[in-house]
Amino acid sequence: MIFTDRNDAGSRLGQRLKQLLITKPLLISIPRGGIPVAAAAARVTGWPMVVFVARKLRCPSQPELAFGAVTENGPAFLNPSIMASIGLTKEDRDEEIARQRTECARRRILFADCHLSTNDPETTPILIDDGIATGATAIAALRTLRSLGFHRVLCAVPVCSRDSAASIEAECDDLITLDRPEGFMGIGQFYVHFPQLDDLEAQAICRKAISDSKAIPQ
């Protein structure tokens, strides 16, 4: 399945989500790529959306490969097999964790007016990103959301690597996807247009979505 862009992917994902019975749904976007997907899904479903910050931990020699991930306020998720396969040193690991925690803090401030602010256990958070490759970022975010006390936690993405799907399913109550293709090389291969968003673009999309939904759930 090929998507025109993140807006197209989010709209299609929203149509899929509308078919499900979900109590007090709340779309939770991972910046930056998850924001336009969640915003488009919010327009289709009429559900509110917020932001939750998570960052992958990048391998020094292969920045597109994640050896784990961190969130703004949870423990780091680490993938020992990937760390061993690249010979990651403790120094490189710790430096990257510190670097990405700093970036998480920066983005937490950047998206403060669009940020997750509820821990109502009856709310059903639905974690949304533009796709899942290794799954590290999603796993870290889902574990942190679990720790906040929600009774049910979902994950919804347009496209997910088959190799990662089982790991994600083990971390949430349901993984909703539009495609789990073979030959997964990277998320961008499933989009015609897959530009990097800058902070201002992501802020504008998020603020409009929040405004359209009237209020952030408290």
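Tabulated data
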{"read-out": "Contacts under 6 angstrom Cβ, first residue in region 160-179 being touching a residue at least 40 places away in the same chain (Cβ under 8 Å) and closer than 24 Å to S147 by Cβ, partner part of a strand (DSSP E or B) and of a type in the set (G, A, S), 6 or more apart", "value": "I176/A156"}
{"read-out": "Test: E96 is surrounded by 20 or more Cβ atoms within 10 Å (Cβ to Cβ) and not small (G, A, S)", "value": "yes"}
{"read-out": "Matching entry among L148, L78, L110, L127 (being within 12 Å of the chain's Cα centre (by Cα) and either modelled with pLDDT of 95 or more or hydrophobic (A, V, I, L, M, F, W, C) (or both))", "value": "L127"}
{"read-out": "Failed item, numbered, when I139 is tested on (1) more than 21 Å from R55 (Cβ to Cβ); (2) crowded, with 19+ Cβ neighbours inside 10 Å", "value": "(1)"}
{"read-out": "All positions within region 161-178 that are closer than 15 Å to R16 by Cα and either β-branched (V, I, T) or touching a helix residue (DSSP H, G or I) at 6+ places or on another chain (Cβ under 7 Å) (or both)", "value": "L175, I176, T177, L178"}
{"read-out": "Residue match in region 144-152 (condition: of a type in the set (S, T, N, Q), more than 20 Å from E122 (Cβ to Cβ) and surrounded by 14 or more Cβ atoms within 10 Å (Cβ to Cβ))", "value": "no"}
{"read-out": "Helices (runs of 4 or more DSSP H) contained entirely in region 1-115, each with at least 3 residues that are of a type in the set (K, R) and over 24 Å from P125 (Cβ atoms)", "value": "90-110"}
{"read-out": "Verdict on D5 being of a type in the set (D, E) and touching a His at 6+ places or on another chain (Cβ under 8 Å)", "value": "yes"}
{"read-out": "Scan of region 99-131 for residues that are of a type in the set (G, A, S), surrounded by fewer than 17 Cβ atoms within 10 Å (Cβ to Cβ) and in contact (Cβ under 8 Å) with a residue 40 or more places away in the chain, ordered by number", "value": "S117"}
{"read-out": "From R6, R43, R58, residue being within 19 Å of C160 (Cβ to Cβ), among the basic types (K, R) and in contact with a helix residue (DSSP H, G or I) (Cβ under 9 Å, 6 or more places away or on another chain)", "value": "R6"}
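The values are calculated or read from the model by the stated rules, or taken from the named source; none is laboratory data. These numbers come from a predicted model, not from an experiment. With ideal geometry, Cβ positions are generated from the backbone for all residues, glycine too; neighbour counts draw on all protein chains shown.
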